[in-house]
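Each value in this text was obtained by applying a stated rule to the coordinates, not by laboratory testing. Not measured: the values here are computed from a predicted model. Note that each Cβ is placed from the backbone with ideal geometry, even for glycine, and that neighbours are counted across all protein chains shown.
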Amino acid sequence: QVQLKESGPGLVQPSQTLSLTCTVSGLSLTSNSVSWIRQPPGKGLEWMGVIWSNGGTDYNSAIKSRLSISRDTSKSQVFLKMNSLQTEDTAMYFCARNTPPEADYFDYWGQGVMVTVSS
Amino acid sequence: IMLTQSPATLSVTPGESISLSCRASQSISTNLHWYQQKPNESPRVLIKYASQSISGIPSRFSGSGSGTDFTLNINRVEPEDFSVYYCQQSNSWPWTFGGGTKLELK
């Protein structure tokens, strides 16, 4: 069955870089696209960016200058890197599969990883 | 594109039938999807492309609308339906979510 699982540090200092990993099983990254979506505590959802099945990427313009998404298909992993973190980046970070074939909504989600930006 | 959901909170009793609204700041055709999120869980997709059903989702959930006005209907709310509902548009970059409607027990 399809599963996604996020991992990464729970605490990041302001101005530092966040690195998260999404490990997938039950699907191939060469035929599936994966997005990162975040949710500040008690607030709504923000789509951050996507890595397409062909390896191309698209990012939310609001954070594009700070964000990078990549993958290692051999390890079934998708990576998120975001620099210059501030307290407002404190959130639960989810990876989710973009449902094929349209790939513009999300059917499988990871459990999320909570990231706190604090000194 | 901004998505405005209303009401922010809706208090109902089990067995009631309800409608939740999602309004887009400009036309998004039917590129609108609905999710349910229970506390401390990941979102679950309920409806795709405004009105298309999703396999495994109870038939009491239905959607309608096009352009800028969309509705999620729940026919006879069940106890397990009390959660937060989000809409999401995929018509224009960046994809955006509404602020959510919390469905709570009256």
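Structure notes:
- Simple spin-label estimate for B:S55 and B:N91 in nanometres, 7 Å along Cα-Cβ: 2.9
- FRET E, pair A:T30, A:T87, Förster distance 25 Å, beta-carbon r, rounded to 0.05: 0.10
- Both numbers refer to the Cα atoms of chain A; Rg and Dmax are 13.4, 43 Å.
- Cut-off under 5 Å, modelled amide H: who pairs with A:T99 long-range: A:D104, A:Y105, A:F106, A:D107
- Per-residue shielding of A:102-112, expressed as the average number of other chain Cβ atoms within 10 Å of the residue Cβ, stands at 6.
- The distance from the alpha carbon centre of the range A:13-60 to that of the range B:54-104 is 22 Å, rounded to a whole number.
- Net charge dipole, chain B: roughly 100 debye, given to the nearest 20, about the Cα centre with Cβ charges of +1 for Lys and Arg and -1 for Asp and Glu.
- FRET E, pair B:D69, B:K38, Förster distance 30 Å, beta-carbon r, rounded to 0.05: 0.70
- Inter-chain Cβ neighbour count for B:87-95, averaged per residue, equals 5 (cutoff 10 Å, partner chain atoms only).
- The length gained by stretching the chain between A:T21 and A:T73 to full extension, at 0.36 nm per residue less their Cα-Cα distance, is 17.5 nm.
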